[in-house]
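Inspection log for the structure reproduced underneath, given as structure tokens.
The values are calculated or read from the model by the stated rules, or taken from the named source; none is laboratory data. Everything quoted here is computed from the prediction, not taken from an experiment. Note that we place each Cβ from the backbone using ideal geometry, even for glycine, and neighbour counts take in every protein chain shown.
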Amino acid sequence: MQTITNDEVDVVIVGLGWAGSIMAIELAKEGLKVRALERGPDRPPEDFAYPKPADQYGYATRNKVFAKPRDAALTVRYNTQETALPTRKWGAFAPGTGVGGSGLHWTGVLIRPTPTDLKLKTYADHAYKRGSLDPDMRIKDFPFTWDEIEPYYDFFDKVCGLSGNTGNLRGKTQPGGDPFEGPRSNPYPLPALHDTLNSSMFAETAKRMGYHPFPNPSANVSQPWTNPYGSQIAPCNYCGFCSKYPCLNYSKASPQTTILDVVKQMPNFDYRVNANVIRVDLHADKKTARGVTYIDEQKREVFQPAKIVILSSFQFANVRLMLLSGIGKPYDPITETGTIGRNYAFLSNGGATLFFKDKNFNPFVTAGATGEMFNDISPGNFDGASLGFIGGAKIHSSQSSGAPIGTSLPPGTPGWGKGWKEGMVDWYGRSMKISITTSCMSYRGHYLDLDPNYKDPWGVPLLRMTFDWRQNELKLQRYLRDIVLNISKELKPDAMSESFLALDSHWDITKYVSTHNVGGAIMGDSPKDSALNRYLQSWDVHNVFVPGGNAFPQNFQANPTATIGAITLYAADAIKKYYLKNPGPLVKV
Amino acid sequence: MSQEKFSPSRRALLVATAAAVPLVSIPMVKSRAEGLEGLDLQQYKPVFFTAAEWVFILAACDRLIPAEGKGPGALETNVPIFIDQQLHIGLGDDIYLQGPFKTDAPATMGFQMSYAPQSVYRIGIKLAQQQCQQTHGKPFEQLTAVDKDAFLTSLQKNVVDFAAMGELGLKASQFFGQFLSDSKNGYLADPMYGGNKDMKAWVAIGFPGARAAYTEWIDQHDVKYPLGPVSLSGKRA
């Protein structure tokens, strides 16, 4: 195949979602020539003008703006003894593609982990008796302190116009917020969204029972907002088409609404779409990259020379590119050597659906992040050690979308026929959920590598995911179930259904959880057991930086986007302050 | 917009005529996946299904979401048109369909078939009718409502054994599941996809469709929303 060579750039960005967009604007502002390569199509805001996204079947059922498994599948198996099978349809998770990535159609819950979550290994060593946790658990601390990273969380909150109640301002607990949050240097930029009926019912009851509920921190903004880059976001109109939909009201913080309109006007930035990067090209000594190779729209192979390579695709796409390019050594779970692929983690969810025959929840009146949650059951805030597991959950009642396909009906309602039809008439809009979103630890045997059997349409091996539930996570589920059911009973529903994992559950790839896959190319203090240093710089190839959920050493109960934003800004700062002046490893070991 | 009641007798006529009349003789109204709102099911000529398959689809949709009881049925809301059009425009073309295939994988591993939905319907209908003929001595559409429901249940529960009929790549329950899920989608999707005719399903359940602006309603807790639905094309019901 003939290879075309593009003009050299200072920075090539692979994947134009949140991480790629942040890197693009931060490095373009520094005067560097920046080019982004995006695997999917362009997604300009005018494509999502009202009423186009108000289409549940197109966007939420058929996943109109998601990657297609045909192009982006991976394979999954429960353990190393099994042959992995491809994710032929999306189920438990569904990655985005195209400009904006998953950031275009996320729900918009923008919440930080706690300082304890970031230092989980230290906490575990302190609070748990030696040997009391699964010996295969491989949790680690994030390689920075709360004080080091907090300013970057703070800046990203402002980029997104975070709406909610402040819980801890510079060490002082504030009424109405999360008393368990880490100290903030500044209050939330905007006040909270308004509650829906389900959220207020949940919050009142939880509070009465001694928990500390607060409004879901939201990147669907509550009031007009101009962010630090000069982008303006309009107040959310509670349209009811949020999670899985691009915003029709310019109200959801996304790369499009907060960054791309600005960076696209800069002459030293450009981007190519339908550009599928298949590898990072290294110099002969494998210490630096010389650029990346992609397949363009006309199926031509194109080499893009660059001084700095940013891998900012989705978590597992980043890991796959590192494996395909020979960046770092692939992880081997038997010998526990190698770093690329280790510490893969997912998350679990579950909850109760409460049916009230006389209540009008109007589920179509909602923002994506609408809801209330409490953080009482997160590491350090309850005695996990006595319960025999580590981790925690956000317990919440949210309402991310309210359109009718997939409506839950009370137990015993027929799945089809007259009973189903009348069930829809009787029960649509008459239920609420109380849900859990859990942490997930990392384990020796949970990892990512290249699949030996299955390939994508370009002939490139799929990524293979080895993962299953462990007792630690299943015990956590059972503990959370009791809490959720106790709150549910207080609300006295007419009927109720529940979905929690049993102690013998295997991971079910068919049921959507969240696209919060993490790890695989983690950040850490040592090149022995991490792929990246604290600045998301490859330990092995120093001009490759890999921002994304791939850097998390395990999954906390908080949604990942706030942390992805913060660590990407932190890395961008290090590139500007240190790397440009003196290209080389930024952390010496 | 048509306000006429889709009476049981008209529905029976539709199923009966569909069975009796060669559909090729019915003038085609629309075949493309646009302008699908509010078509007349009786006049509609399928673009994916054969005439024989169409008879099964009409009769089975009429039991999956029947006319009796509260709310409109599948035939009144053009659910079969939705399914026909979706299959025609490539439903399932996003599925990863490269082998090797392991069709006996645990259910938690999800979809592992080698068949796109188009094949699922073609094979499923053929085998279902074959079994129906064998059990009842007549095709599905000629069964009584009670027998139809029982037969559909036997598909759903794999009592009908496709493997015993030589089909190793598709279970009756998988065909049933695809069909049911598509039927519900067609019932509840925006009318631009061909089903949910006149937004009747949305009216019945109280979903306002594509209105998508509720700033005034967020603080109105537990108050019934008063307005009917609008569609993406701007129609009201």
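The residue that is farthest from the other protein chains (Cβ to nearest Cβ), among those in the range B:100-128 that are free of Cβ contacts under 8 Å to residues at least 12 places away in the same chain, outside any helix (DSSP H, G or I) and surrounded by fewer than 17 Cβ atoms within 10 Å (Cβ to Cβ), is B:D104. Please work out which residue is nearest to the other protein chains (Cβ to nearest Cβ), limiting yourself to the range A:408-459 and to residues that are of a type in the set (S, T, N, Q) and buried (at least 19 other Cβ atoms within 10 Å of the Cβ). The extreme case among them is A:S431. If you filter the range B:197-212 down to residues that are touching a helix residue (DSSP H, G or I) at 6+ places or on another chain (Cβ under 8 Å) and in contact (Cβ under 8 Å) with a residue 40 or more places away in the chain, you find that the one that is surrounded by the most Cβ atoms within 10 Å (Cβ to Cβ) is B:A201. For the range B:71-92, the count of residues that are under 30 Å from A:T466 (Cβ atoms) and more than 7 Å from chain A (Cβ to nearest Cβ) is nonzero. Name the single residue, out of those in the range A:168-185 being of a type outside the set (S, T, Y) and in contact with a Lys or Arg (Cβ under 8 Å, 6 or more places away or on another chain), that is farthest from A:T370 (Cα to Cα). Per the criteria, the residue is A:R170. The residues of the range A:158-174 that are β-branched (V, I, T) and surrounded by fewer than 17 Cβ atoms within 10 Å (Cβ to Cβ) amount to a single one, A:T173.
Looking only at the range A:396-407, residues that are modelled with pLDDT of 95 or more and within 13 Å of chain B (Cβ to nearest Cβ) come to 5 in all.
Would you confirm, using the coordinates I've provided, whether A:K492 is within 14 Å of chain B (Cβ to nearest Cβ), surrounded by fewer than 20 Cβ atoms within 10 Å (Cβ to Cβ) and not small (G, A, S)? For A:K492, the condition - within 14 Å of chain B (Cβ to nearest Cβ), surrounded by fewer than 20 Cβ atoms within 10 Å (Cβ to Cβ) and not small (G, A, S) - is not met. Only one of the numbered conditions (1) part of a loop (DSSP other than H, G, I, E, B); (2) over 26 Å from A:N517 (Cα atoms) is not met by A:D261, and that is (1). Only helices (runs of 4 or more DSSP H) whose full extent lies in the range A:111-168 are considered here, and the ones with at least 3 residues that are within 30 Å of A:V263 (Cα to Cα) are A:146-160.
Here the condition is being assigned to a loop (DSSP other than H, G, I, E, B) and surrounded by fewer than 15 Cβ atoms within 10 Å (Cβ to Cβ); of A:P187, A:P228, it holds for A:P228 alone. Close Cβ contacts (under 7 Å, 6 or more residues apart or on different chains) running from residues in the range A:436-450 that are without any contact (Cβ under 8 Å) to a residue 24 or more places away in the chain to residues that are not β-branched (V, I, T) are absent.
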